[in-house]
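> Please see the structure below; I have some questions.
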Amino acid sequence: MSSRPAKTAGTESRTAPGGDRISPLTGGRVPGHIAIIMDGNGRWATERGLPRAAGHRAGAENIRRVIERFAEHDVRYVTLFAFSTENWKRPPSEVSVIFQLIDRFLQRELHNMQRDNVRVRHLGHLEQLPKPLAERINNAVELTKSNDGLMLNICLSYGSRDEIVTAVKRIAEAGIPTEAITEETVSANLLTGGLPDPDLVIRTAGEQRISNFLLWQNAYAELYFTSGYWPDFGREDVDLALAEYGHRKRKFGKLLPEDLGSLEEN
């Protein structure tokens, strides 16, 4: 995890969800921050009589076209759940393949991301990753740190409960008085400190759970589940997810003006 020191309340403000933007393609409302659980690579391969590695390869190759489509809609932040702390329980051979593909993706796409003004950020336990991959990630983060276009957050060896525990430890070690601890204090000490919370979470492959992904940050995120596997999630699927989001009414615990009107009538 990052060694960033704890922040006192108010020193790094938490951006509230609801950072919607207007798509230059459709004129519709789109989320500022999208988080994606890229699920179904193995099943995609199995149904085609292919080894699971082929599914992970297809999934890695799909990342670019999805990111490009989100960028065309002017989405500003995309967070990918690439490898969880629980995924270490998988066979070592499969873990090795996943890391090799992520390394290859970064190597292949770094030039394009620089060209397209994409900034890369890593969330998770960098020290647990193979040294070559960790170096590749550090290189991508360093080379793109001045870019101010879409931010691509890659969650590798990441678990949300672990992240929250680490944030609590930082706050305690900093000696912040309990009465001074606020939601902003906790948010600032998460790995996503300084980033807006996700507005939309997309999960592929038909599963309908969050799986220890951005638990704190997803408090008011809209959830979108699709039965298609991640390797098949293409540009049209992006458009469908964004169209669905555009029809959602986000209240954040409040009442909308039309709700107040109906209340007065009663």
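The values are calculated or read from the model by the stated rules, or taken from the named source; none is laboratory data. All figures in this text were calculated on a predicted structure; none of them were measured in a lab. Every residue, glycine among them, receives a Cβ derived from its backbone with ideal geometry; neighbour counts consider all protein chains shown.
> Just to check your reading of the model, which residue among Pro132, Pro231 is part of a helix (DSSP H, G or I) and without any contact (Cβ under 8 Å) to a residue 40 or more places away in the chain?
Pro132
> Would you pick out the residues in the stretch 146-175 that are farther than 19 Å from Ala188 by Cβ and in contact with a helix residue (DSSP H, G or I) (Cβ under 8 Å, 6 or more places away or on another chain)?
Asn147, Gly149, Leu150, Leu152, Ile154, Leu156, Ser157, Gly159
> Give Glu244, Glu179, Glu258, Glu184 a once-over and let me know the one that is at pLDDT 95 or above, exposed (fewer than 11 other Cβ atoms within 10 Å of the Cβ) and part of a helix (DSSP H, G or I).
Criteria check complete, one pass: Glu179.
> Which residue, of Tyr224, Tyr220, is among the aromatic types (Phe, Trp, Tyr), part of a loop (DSSP other than H, G, I, E, B) and at negative phi?
So the residue among Tyr224, Tyr220 that is among the aromatic types (Phe, Trp, Tyr), part of a loop (DSSP other than H, G, I, E, B) and at negative phi is Tyr220.
> Which of the residues belonging to the stretch 187-215 are among the basic types (Lys, Arg) and assigned to a loop (DSSP other than H, G, I, E, B)?
Arg209, the sole residue that qualifies.
> Tally up the residues in the stretch 171-193 that are in contact with a Ser or Thr (Cβ under 9 Å, 6 or more places away or on another chain) and within 27 Å of Ile37 (Cβ to Cβ), please.
Qualifying residue count for the region: 8.
> Here is a check on your reading of the model: is Val141 farther than 18 Å from Met38 by Cα, surrounded by fewer than 19 Cβ atoms within 10 Å (Cβ to Cβ) and in contact with a strand residue (DSSP E or B) (Cβ under 7 Å, 6 or more places away or on another chain)?
So Val141 passes the test.
> Could you say whether any residue in the stretch 197-208 is touching a His at 6+ places or on another chain (Cβ under 6 Å) and surrounded by fewer than 22 Cβ atoms within 10 Å (Cβ to Cβ)?
no
> Pairs please, first residue from the stretch 45-61 and surrounded by 19 or more Cβ atoms within 10 Å (Cβ to Cβ), second anywhere and assigned to a loop (DSSP other than H, G, I, E, B), Cβ atoms under 7 Å, 6+ apart in sequence or on different chains.
What qualifies is Ala45/Pro51; Gly59/Met38.
> Next up: Identify, by number, the condition in (1) touching a residue at least 60 places away in the same chain (Cβ under 8 Å); (2) buried (at least 20 other Cβ atoms within 10 Å of the Cβ) that Val120 doesn't meet.
Among (1) touching a residue at least 60 places away in the same chain (Cβ under 8 Å); (2) buried (at least 20 other Cβ atoms within 10 Å of the Cβ), the lone unmet condition for Val120 is (1).
Here's the yes/no breakdown for (1) closer than 19 Å to Ser84 by Cα; (2) in contact with a strand residue (DSSP E or B) (Cβ under 9 Å, 6 or more places away or on another chain):
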site	(1), (2)
Ala188	no, no
Leu191	yes, yes
Gly194	no, no
Val201	yes, yes
Gly206	yes, yes
Arg209	yes, yes
Trp216	yes, no
Glu222	no, yes
Ser227	no, no
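> Provide a single number: the residues in the stretch 144-176 that are farther than 29 Å from His73 by Cβ and in a loop (DSSP other than H, G, I, E, B).
Selection size over the stretch 144-176: 4.
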